[in-house]
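Read through the structure below, which is laid out as structure tokens, and then see the notes.
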Amino acid sequence: SGRVRSGESSRLPAISIRNLHYAYPPPLAGAPPMPVLRGIDLEVEEGEFISIMGPTGVGKTTLCLALNGAVPQSTGGFFRGKVTVGGLDTTQHAVPLLATRVGIVFQDPESQFFNMTVADEVAFGLETLGLPPAEIRQRIAWALDVVQMADLRDRSPFQLSGGQKQRVAIAAILAMRPAILVLDEPTTGLDPLGKAEVLHAIRALKEKGQERLTIVLVEQDAEVIAEFSDRVAVLHEGRIAIVDT
């Protein structure tokens with residue numbers, strides 16, 4: 001990745017995936033399981049920005065969900081191999097704990113909104129952590145500043161544009177200070193302005209984010225990948241066909 005400095009080679013990778021196979025449960029009784037991942041091997045260094053691309057249905061979102069234990073803990077199915085994030089085995093630790101280490105932003109931000117204001121939306125996760133009010137206020141201000149949404153902190157998230165909603169979703173995860181941020185096709189379905197807004201927020205993450213923040217971006221736009229990524233992994237038929245700079 002070009003990010004590992006001299007003397008840091010002994011540090012645990014942020015993400016380690018070894019021989020990961022996964023199949024979703026059968027959709028109907030008596031039907032066969034639905035294999036998606038067929039032997040994934042990947043290591044991601046702390047502080048690296050890696051992108052994942054591949055055709056629809058190849059398993060990109062499934063791979064993201066395996067990073068916080070939702071696959072297989074919430075989905076069930078057939079899981080083989082080993083995934084560790086920050087040294088934690090994702091099958092041996094609860095999803096709520098893993099979610100404090102791995103924050104995932106999905107394509108549809110509105111599906112996760114239920115608070116009255118942007119600030120309250122960002123505060124919700126912080127309050128569940130039991131943080132002091134002063135620290136919550138500081139984190140809200142910092143995260144909204146990174147995604148340039150501070151001036152809309154009192155607006156209802158349901159009154160925002162698509163790009164603004166996605167920036168709030170990023171801020172809500174970023175405020176939790178995860179070690180790993182996963183962005184699963186964050187610009188899908190957005191108009192050109194919304195896409196530009198989200199890309200500007202991602203650019204700001206590299207400039208203002210935590211120094212050791214590891215970012216995994218699922219994206220199909222090769223120009224975006226070229227601009228932001230240290231490496232790109234290409235998925236094909238449930239496997240990583242190539243991973244390189």
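Read-outs throughout are calculated quantities, based only on the coordinates presented, and are distinct from any laboratory measurement. Computed from a predicted structure; not experimentally measured. All Cβ positions, even for glycine, are placed from backbone atoms using ideal geometry, and neighbour counts span all protein chains on display.
Give, rounded to the nearest 20 debye, the magnitude of the charge dipole that the stretch 82-171 has about its Cα centre when Lys and Arg contribute +1 at Cβ and Asp and Glu contribute -1 at Cβ.
180 debye
Under a point-charge model restricted to the Cβ atoms of Lys and Arg (+1) and Asp and Glu (-1), what is the dipole moment magnitude of the chain relative to its Cα centre, in debye to the nearest 20? Mind showing how you got there, number by number?
On the way: 23 positive and 29 negative charges, 110 e Å.
Value, rounded to 20: 540 debye.
How large is the convex hull of the Cα atoms of the stretch 30-136 per residue, expressed in Å³ as a whole number? Write out the running numbers ahead of the final one.
Working: hull volume 17.7 nm³, N = 107.
Cα convex hull per residue, to the nearest whole number: 165 Å³.
Assuming a viscosity of 0.692 mPa s and a temperature of 37 °C, what translational diffusion coefficient in µm² per second does Stokes-Einstein assign to the stretch 89-182, Rh being the Kirkwood radius over Cα pairs?
245 µm²/s
Kindly give the semi-axes, whole Å and largest first, of the ellipsoid equivalent to the chain, taking each as the square root of 5 times a Cα gyration tensor eigenvalue.
28, 21, 19
Give, in nm to one decimal, the length gained when the segment between Thr245 and Arg38 is fully stretched (0.36 nm per residue of separation minus the Cα-Cα distance).
72.2 nm
If I fit a long axis through the Cα atoms of helix 118-128 and take the longest principal axis of the Cα atoms of the chain, what angle between them do I get, 0 to 90°, rounded to 10?
Helix 118-128 and the main axis of the chain meet at about 60 degrees.
Calculate the dipole size of the stretch 1-118 relative to its Cα centre from +1 charges on Lys and Arg beta carbons and -1 charges on Asp and Glu beta carbons; express the result in debye to the nearest 20.
So the magnitude is around 260 debye.
Output wanted: per-residue J couplings in Hz (rounded whole) for the stretch 181-188, from phi through Karplus 6.51 cos²θ - 1.76 cosθ + 1.60, θ = phi - 60°, x for Gly and Pro.
Per-residue couplings from phi come out as 10, 10, 10, 9, 6, x, 9, 4 Hz.
From Cα pairs below 8 angstrom and at least 6 apart in sequence, can you work out the relative contact order of the stretch 171-245, rounded to a whole percent?
Reported as a whole number, the value is 30 percent.
Two decimals is fine: what's Rg over Rh for the stretch 147-245, C-alpha atoms, Kirkwood radius as Rh?
0.99
Using only the C-alpha atoms of the stretch 110-157, find the volume of their convex hull and express it per residue in Å³.
Cα convex hull per residue, to the nearest whole number: 73 Å³.
So what is the relative contact order of the stretch 2-119, in percent, for Cα pairs below 8 Å that sit 6 or more residues apart?
Computed over the stretch 2-119, the figure is 28 percent.
Please work out how many pairs of lysine residues in the chain are eight or more positions apart (or on different chains) and have Cα atoms closer than 21 angstrom. Working shown, then result.
Values: Lys60/Lys82; Lys60/Lys195; Lys165/Lys195; Lys165/Lys206; Lys165/Lys208; Lys195/Lys206; Lys195/Lys208.
Lysine pairs, 8 or more places apart or on different chains, close enough: 7.
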